[in-house]
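This report concerns only the one structure given below.
The values are calculated or read from the model by the stated rules, or taken from the named source; none is laboratory data. Small disclaimer: the values here were computed from a predicted structure and weren't measured. Cβ placement follows ideal geometry from the backbone for every residue including glycine, while neighbour counts extend to all protein chains displayed.
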Amino acid sequence: MTGIRHAGRPGTWVLPLHGTTAATVRTMRRWVAQHLDTLGDEHRDDVLLVATELLANAHDHGDGPRHLQLWHSLRPCTVRVEVADRNLVQPTMGLSRLPGPRGRGLLLVDRLSVTWGVLPEPESRRKTVWAQIPCLGRCPRPGRAGEWTTGGGGGSGALAG
Ligand SMILES: [Zn+2]
């Protein structure tokens, strides 16, 4: 796959995508649930909601998502979801007075995320929409082995030793 970065970081998984259909969403949800099987149900459900909205948003506004990336940090328990698509137009938060489902997805993402944003990458002719979903103490205590922590800015992971 071209253009996928950070895939070697501990706790990171990448799912290549070539579009968004109902089947893609089902595949994605199964894939996410499989990789986050150590999460508590509520945290995993929040992640699935956000991932589905980001995928739907990329389908509505983008040119078909290229990939979805997951990153699970154990301390604190946080999951970062990224969806990259080929449309450089930035998604916007929907206003409640607008009819239809468009835009409400990002309001949901905003509510469930501790932080989210859009990374335009014109040189690669793509953008990445990302969101970090906090645990809020709803997961079982993680095991000792293979722990890693979030670094500054939430963008870097480092082994905690
Ligand atoms: Zn959690």
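How many of the residues in the stretch 35-75 are within 16 Å of the ligand (Cβ to nearest atom) and closer than 28 Å to Ser124 by Cβ?
Taking the stretch 35-75 as the starting set, the residues that turn out to be within 16 Å of the ligand (Cβ to nearest atom) are 35-51, 70-75.
Next, from what is left, pick out any that are closer than 28 Å to Ser124 by Cβ: 35-36, 47-51, 70-73.
Number satisfying all stated conditions: 11.
Does Gly137 satisfy the condition of being part of a loop (DSSP other than H, G, I, E, B), more than 16 Å from the ligand (Cβ to nearest atom) and either modelled with pLDDT of 85 or more or farther than 19 Å from Leu39 by Cβ (or both)?
So Gly137 fails the test.
For Val81, indicate whether it is outside any strand (DSSP E or B), within 16 Å of the ligand (Cβ to nearest atom) and modelled with pLDDT of 85 or more.
For Val81, the condition - outside any strand (DSSP E or B), within 16 Å of the ligand (Cβ to nearest atom) and modelled with pLDDT of 85 or more - is not met.
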field: Contacts under 7 angstrom Cβ, first residue in the stretch 25-45 being of a type in the set (Lys, Arg), partner part of a helix (DSSP H, G or I), 6 or more apart
entry: Arg29/Leu48; Arg29/Thr52; Arg44/Ala33
- prompt: With respect to the numbered conditions (1) surrounded by fewer than 19 Cβ atoms within 10 Å (Cβ to Cβ); (2) at pLDDT 90 or above, which one is the sole condition not fulfilled by Gly64?
  reply: (2)
- prompt: Would you call Trp130 surrounded by 15 or more Cβ atoms within 10 Å (Cβ to Cβ), within 16 Å of the ligand (Cβ to nearest atom), at pLDDT 85 or above and under 12 Å from the mean Cα position of the chain (by Cα)?
  reply: no
